[in-house]
Every structure is written in C-alpha cells, then in structure tokens.
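Down below is the structure, laid out as structure tokens.
Derivation of every value follows stated rules applied to the coordinates shown; laboratory data play no part. Keep in mind it's a predicted model, so treat the numbers as computed, not measured. So basically every Cβ, Gly included, is an ideal-geometry build from the backbone, and we count neighbours across all protein chains shown.
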Amino acid sequence: MDAPLLSADDGATRILTLNRPGRRNALDDALLHALRGALAAAFADDAVRTIVLTGAGDGFCSGRDRNDVGGPQSAPVQLQDGSLDATVSLFTRTLAMLLDAPKPTVAAVHGFALAGGQALTLACDFVVAERGSRFGNPEMRFGFPAAMNTVLLARHLGRRRALEIALTGASYDAEEYAQLGLVNRLAAPGELAAATAAFVAALNALAPWSVRRTKELFRIAEDATLDGQLHAGDQLNQLLRLNAQTAPLFREKT
C-alpha cells in the first residue's frame, strides 16, 4: 500500500505531499496522523527552514474523508463515548499545528482545494496556486456547516466577504482568491513547483531566528488587544537592542 503522505527535501524546504490521489487526497485519520508526525519532524529539524504542503494527482485536497467522519454514504463511526470527538478533533489539532508552526508553511495548490482541503490552505502561512485552481466549501450546499472554514475565513477576511464565502458554498478560482488576499502567488499551469520554489527561496534566505520571532509576534498581534500588540512589539525591540549592546562586550571578553 502506498504511503498516505510523502516527504522529500529540496534544499532547506521540506515538501509534504498528500498521497491519496485515488480519493482526491481526502483526509482520513491515517493521513492526518501521518501529516502531524511529518510536521513535528520538520519543526524539530534545524536543516528545514520552510515547509510546503501539496497534493498528488489532479488536485490538492477534496476535504475530509466521509468514511471517517460520517455522512450519507459512510458507515457509522463507533466510539466508546458514542461521539465523533476523536476523529473530528484530530482534524482540528492538525489545523492548530499548522497555525502554530514555528517555520513558514506554504500550501502549493493545483486543481482544487475544497472543504477541509481549503481549510488546510487557510491554516498555512502562504498559498501559491496554479491559475484555474478551485477553492470553496461546497459542503454548505448540502446542509453541512463549514465550521473550520468559517473560523479561518473570519481570521483572513472582513465580515462581509468571509461570511459570503462561508455561507454560500460557492466555488472561487485562484485568481479571485488572489484578489481577496487568500492566495499569495499565481502560477501558470504546469509551473506550480517552480513558482513555489521561487517563493520559498526568499524565505529560506532569511535568518531562522528572525523568522520564528516574527511569526510568534504576528500570532500575538492577531489575538491580542492593541495595547497587548504594542507591548509585545516593544518587548522584542528591547531584546534586540539589549543583544546589540551586549554582543560587542561578549566578543571583547572572548
């Protein structure tokens, strides 16, 4: 059986490929466990500076596998407590892991990123998408609220556009998402790998310490009050000034 997730390095970039093309890279529990393990390994590897998440076959990801999370065509899920908490929270924890990643994460999208697949792209720091790729949360059209997409869209967009996308379940192409700021770079068909490599090259050239601290500060700024944001930025500036003052003294003594 093919591994549900492939991992390969391209210089300082760890490329993680969702590898269930026969299921449109639908996220079953095995794939999510593999992804969480691969992310943890990439976070811990000092040689890795950026992480790219992409999909095998004709698209990025079609969302959760209904055979794991229930639905009109799936078998009942039997858990000891009679709930779906275990399998649903696995997806939530995976999204949280991407959101909290200490290293830049980039979703490289071709074909489609739908439902839970779109949520993965929204949880990554950046998105590079092939022109004509489709995004959306179509589950809403079948009476299934797009819970994770709603939360993540609210973090990226203003109320009116985020709520429109979350509620309607409409499909959007990569060009439209680029205009909304949900896609960072557009790639010509067949040029996704090259465009992604060019994008991460600029990130890989940065000092890892500065990248990590900037990501941490940005996350604080997202969640804190304005006073808290300014305080966090001031603390980092003081740390940098202190380092600049003490470094020459340290070099003189050594």
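Size of the stretch 5-204: Rg and Dmax of its alpha carbons, in Å, are 16.1, 49.
Each residue of the stretch 98-167 gets 85 Å³ once the volume of the Cα convex hull is shared out per residue. Full extension of the chain between LEU6 and LEU180 gives 59.6 nm of extra length, using 0.36 nm per residue less the Cα-Cα distance.
Ranked by the mean number of other Cβ atoms within 10 Å of their residues, highest first, the peptides 175-185, 208-218 fall in the order 175-185, 208-218. Using r as the Cβ-Cβ distance of ALA96 and ARG131, and R0 as 25 Å, what FRET efficiency do you calculate, to the nearest 0.05? FRET efficiency, ALA96 to ARG131: 0.25.
Note on ARG161/HIS33: beta-carbon distance plugged into 1/(1 + (r/R0)^6) with R0 of 25 Å gives a FRET efficiency of 0.15. Taken about its Cα centre, the stretch 5-204 carries a charge dipole of about 360 debye when Lys and Arg each add +1 at the Cβ and Asp and Glu each add -1 at the Cβ.
With R₀ set to 30 Å, the beta-carbon distance separating ALA198 from THR168 gives a calculated FRET efficiency near 0.35.
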